[in-house]
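See structure below.
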Amino acid sequence: MAKSQKGWRVDDEIAELATARAKDRGMSVGDYIAALVREDVGGLRQRGVDAARRFLDEHQAVFDDVEDADRRSSGAHAA
């Protein structure tokens, strides 16, 4: 695949984060950015968010019950 060189401006913090994350993944910054764009275009991120929302919609009551029980038991031990 042919490659082209682009020059975009980003905050220093973003550039440092992108460089560090690319290094963590063993990739160049260009390859890392390309992977992010492919994931975004392919809808992978949105599918993950949608799956998380469905999970919480289905199971939120379980989390609420655990938190309520934890609050009740924490209060029982207070001085």
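Okay, here's what the table says:
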{"item": "Residue match in segment 46-61 (condition: exposed (fewer than 10 other Cβ atoms within 10 Å of the Cβ) and among the polar types (S, T, N, Q))", "result": "no"}
{"item": "Condition met for Val62 (modelled with pLDDT of 90 or more and in contact with a Ser or Thr (Cβ under 6 Å, 6 or more places away or on another chain))", "result": "no"}
{"item": "Cβ-Cβ under 9 Å pairs, at least 6 apart or on other chains, segment 1-16 side aliphatic (A, V, I, L, M), far side at pLDDT 90 or above", "result": "Val10/Ala18; Ala15/Val29"}
{"item": "Search result, residues across segment 43-56 that are farther than 19 Å from Ala22 by Cβ and either touching a helix residue (DSSP H, G or I) at 6+ places or on another chain (Cβ under 8 Å) or in a helix (DSSP H, G or I) (or both)", "result": "Gln46, Arg47, Gly48, Val49, Asp50, Ala51, Ala52, Arg53, Arg54, Phe55, Leu56"}
{"item": "Count of residues meeting criterion [farther than 22 Å from Ser4 by Cβ, aliphatic (A, V, I, L, M) and within 18 Å of the chain's Cα centre (by Cα)] in segment 20-79", "result": "6"}
{"item": "Matching residues, segment 17-28, being free of Cβ contacts under 8 Å to residues at least 12 places away in the same chain and either outside any loop (DSSP other than H, G, I, E, B) or in contact with a strand residue (DSSP E or B) (Cβ under 7 Å, 6 or more places away or on another chain) (or both)", "result": "Leu17, Thr19, Ala20, Arg21, Ala22, Lys23, Asp24"}
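The values are calculated or read from the model by the stated rules, or taken from the named source; none is laboratory data. Quick caveat, the model's predicted, so the values are computed rather than measured. Backbone-built Cβ (ideal geometry, glycine too); neighbour counts: all protein chains shown.
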